[in-house]
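Below: the structure, in structure tokens.
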Amino acid sequence: MMKEFPLPVVAVGPGSQPEEDESLQYLPLPSAMMTFALPVINDEADPALMAEACRIVERLRDEMQATPLDSATIPTMELQGMDADVVRLLNQTMGEGEVSIAVRGSGQYRIQETVFAGVWRVHEFATDGRLIGDTLMACAIPPMVEQWAQDGVSLECSIPQQQAGLMNAPAVLTEIVGKAKGYKAGDAAHVINLTLLPMSPEDIDCLTQTLGAGAVTILSRGYGNCRITSTRLPHVWWVQYFNSMDTLILNTVEVGGVPEVAQASTEDYEDSMERLGEWLQVMQATENVDD
């Protein structure tokens with residue numbers, strides 16, 4: 001199950017930094033680019049468990065081959081109620097990829113991309129913390145991410161009038177609300193680059209308080225990290241990019257669907273189908289040796 005991670009919202013640019021030296025706490029970052037590597041096979045796995053794991057992976061791969069990434073149908077394998085040892089072996093064999101997602105709203109989810117881009121492990125929890133859903137699915141991003149990002153959002157927000165310390169926050173907020181009101185599914189994202197704007201500490205505080213934090217937080221790791229949070233405004237996301245030294249290098253607000261940096265592309269999806277086939281051969285060879 002994915003561990004929770006902090007997602008601070010900060011900004012850079014002229015006038016954006018406080019005068020005193022404040023230490024910000026972040027999740028430790030990888031020091032190098034993450035690249036694909038096949039998970040390590042459990043050589044001591046029971047052959048019967050390995051055979052069942054192979055069956056599940058093969059069925060998922062076959063459904064992916066029959067289902068384009070942009071299809072309304074999502075290849076899905078329900079694992080809830082399955083033998084716990086088989087699920088544990090699947091977790092080992094699928095590994096952990098670059099994207100982790102937490103959803104905290106009317107729905108509670110922890111989502112982890114596997115090492116096969118576009119293949120996700122999705123855990124759903126009841127309000128008391130009980131695991132009530134356990135799914136393996138293949139898609140650009142699990143649909144509940146977009147669904148619950150819109151949970152409890154509203155276009156009703158108070159844009160402050162010009163006041164001491166504010167520079168660009170009122171104008172930026174007016175632009176964000178206007179774009180959010182006009183957004184339609186499928187529209188290209190509208191990106192506001194805060195890094196290039198003169199933003200005072202009061203501006204940043206105003207944006208943070210007005211936009212608020214929504215139900216979805218996403219961490220995407222690659223060359224450094226990208227941290228994404230939904231806001232209390234519909235289809236509005238705060239997106240921050242960090243380099244491998246954990247230095248904030250780009251700070252943006254996006255109006256649109258789930259930011260593309262968190263989604264698997266068609267090329268990712270096709271590559272994962274091929275790699276799943278290779279991995280099946282490895283698992284099946286191990287299974288046959290054990291037999």
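Things worth noting here:
- Ranking A189, L207, T231 by Cα position along the charge dipole of the range 149-262, where only Lys, Arg, Asp and Glu carry charges on their C-beta atoms, puts A189 farthest toward the positive end.
- The range 122-153-the range 170-211 distance, computed between alpha-carbon centres (Å): 27
- Rounded to whole numbers, the Karplus 3J(HN,Hα) couplings from phi for the range 228-239 are 10, 9, 6, 10, 7, 9, x, 6, 10, 10, 9, 10 Hz, using 6.51 cos²θ - 1.76 cosθ + 1.60 with θ = phi - 60°, and x at Gly and Pro.
- Extending 7 Å from the Cα toward the beta-carbon at both A185 and Q65 defines two label points whose distance is 3.1 nm.
- The peptide list 102-111, 58-67, put in order of mean Cβ contacts within 10 Å with the highest first, becomes 102-111, 58-67.
- The ranking of H235, H190 by Cβ neighbour count inside 10 Å, starting from the fewest, reads H190, H235.
- Working note: Cα gyration tensor of the range 133-291, eigenvalues times five, square-rooted, sorted largest first, giving semi-axes of 39, 18, 13 Å.
- Summed side-chain charge close to V99 - residues other than V99 whose Cβ falls under 13 Å, Lys, Arg +1, Asp, Glu -1: -1
- Only Lys, Arg, Asp and Glu carry charge here, each on its Cβ (+1 for the first two, -1 for the last two); on that basis the range 149-262 has a dipole of about 200 debye about its Cα centre.
- For the range 66-117, the convex hull spanned by the alpha carbon atoms encloses 134 Å³ per residue.
- Other residues with beta-carbon under 12 Å from the beta-carbon of M64 carry, at +1 per Lys or Arg and -1 per Asp or Glu, a net charge of -4.
- 5 angstrom amide H check on L250, placed H, neighbours 5+ away: Y241
- Shown in residue order for the range 126-137 are the 3J(HN,Hα) couplings computed by the Karplus curve 6.51 cos²θ - 1.76 cosθ + 1.60 at θ = phi - 60°: 6, 4, 8, x, 6, 6, 10, x, 9, 9, 10, 9 Hz (x for Gly and Pro).
- Charge dipole (debye, nearest 20) of the range 115-157; +1 at Cβ of Lys and Arg, -1 at Cβ of Asp and Glu: 220
- Sorted by Cβ neighbour density within 10 Å, fewest at the top, the residues I249, I218, I141, I56: I249, I56, I141, I218
- Put in line by how crowded their Cβ is, counting other Cβ atoms within 10 Å and starting with the fewest, Y183, Y269 read Y183, Y269.
Coordinate-derived values only; no laboratory data. Since the structure is predicted, the reported quantities are computational estimates derived from the model, not experimental observations. When we count neighbours, we look across all protein chains shown, and the Cβ atoms used for this are built from the backbone with ideal geometry, even at glycine.
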